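Undergrad: There's a structure below that I have some questions on.
The values are calculated or read from the model by the stated rules, or taken from the named source; none is laboratory data. This structure is a prediction, so every number in the text was calculated from the model and none was measured. Here the Cβ is made from the backbone with ideal geometry for all residues, glycine too, and neighbour counts use every protein chain on show. To get the accessible areas, we keep the full protein, side chains included, count just its heavy atoms, and leave off ligands, DNA and RNA. Shrake-Rupley method; radii C 1.70, N 1.55, O 1.52, S 1.80 Å.
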Amino acid sequence: MKVGVLALQGAFREHREVLDALGVEAVDVRTPEQLGALDALIMPGGESTTMSKLLDTSSLREPVADLLDDGIPVLGTCAGMILLAREVVDGRPDQASFGAIDVAVRRNAYGRQRDSFEADLEIDGLAGGPFPGVFIRAPRIAATGDRVDVLARHDGDPVLARQGAVWVAAFHPELSGDLRLHERFLSESGRS
């Protein structure tokens, strides 16, 4: 299995380290040519406005959109979730998302950097007990469409969801020290 990690900005290195620990071939994606022959894609956390601009300046927006249209399995965490959402409720006018999953999100809804926190999450279908969710300036899922499966909640709000091959997390599983969520995403991607 070959998994691309969007490596324009943010926590791409930490996702690659998780993939390495799982024995999965990881490719840092910075150019359209690096998207070839991928089985899955990870869009990491970072700063969503900056990542959106870098998708344009690197000429990656259209090729990534094409992969998403073709149904490539994708995991978007934090800013990656914002980039994949149908709607960014409080986004900048020049901020474009891919609309790959029917969720509306609110940027930095859990507060500023100093408001970051960790919480044990009960994830549907994930064996081995609670998952350590790391929330850093996290977005909040404000609404989900009918075809979206909510896999985990924090204080009643969805924080992990999927629609088909598109998975999104408001938290940073790559910073948790727990490989189970990446492992499950890859095992259920259908392209292994």
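Undergrad: I'd like to know if the range 4-22 contains one or more residues that are under 13 Å from the mean Cα position of the chain (by Cα), of a type in the set (Val, Ile, Thr), modelled with pLDDT of 95 or more and more than 18 Å from Val103 (Cβ to Cβ).
TA: yes
Undergrad: For the range 61-80, how many residues are part of a helix (DSSP H, G or I) and farther than 20 Å from Arg140 by Cβ?
TA: 9
Undergrad: Out of the range 142-192, which residues are open to solvent by less than 40 Å² (accessible area, probe 1.4 Å), hydrophobic (A, V, I, L, M, F, W, C) and assigned to a loop (DSSP other than H, G, I, E, B)?
TA: Val148, Ala165, Ala170, Phe171
Residue-wise test of (1) closer than 14 Å to Cys78 by Cα; (2) touching a residue at least 24 places away in the same chain (Cβ under 8 Å).
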{"position": "Pro139", "(1), (2)": "yes, yes"}
{"position": "Ala143", "(1), (2)": "no, yes"}
{"position": "Arg147", "(1), (2)": "no, yes"}
{"position": "Asp155", "(1), (2)": "no, no"}
{"position": "Leu160", "(1), (2)": "yes, yes"}
{"position": "Gly164", "(1), (2)": "no, yes"}
{"position": "Ala170", "(1), (2)": "yes, yes"}
{"position": "Leu175", "(1), (2)": "yes, yes"}
{"position": "Arg180", "(1), (2)": "no, yes"}
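Undergrad: May I ask you to list the residues in the range 90-106 that are part of a loop (DSSP other than H, G, I, E, B), at pLDDT 90 or above and hydrophobic (A, V, I, L, M, F, W, C)?
TA: Hits for the range 90-106 are Phe98, Ala100.
Undergrad: Checking Asp120 against (1) open to solvent by 10 Å² or more (accessible area, probe 1.4 Å); (2) at pLDDT below 95, only one condition comes out false. Which one?
TA: Every condition holds for Asp120 apart from (2).
Undergrad: If you don't mind, there's one more thing I want to ask. Of these, Arg86, Arg137, which one is at positive phi and either more than 14 Å from the chain's Cα centre (by Cα) or not in a helix (DSSP H, G or I) (or both)?
TA: Just a single option satisfies the conditions, and that option is Arg137.
Undergrad: Something else now. Report whether or not Ser97 is hydroxyl-bearing (Ser, Thr, Tyr), under 18 Å from Gly45 (Cα atoms) and open to solvent by 30 Å² or more (accessible area, probe 1.4 Å).
TA: Answer is yes for this residue.
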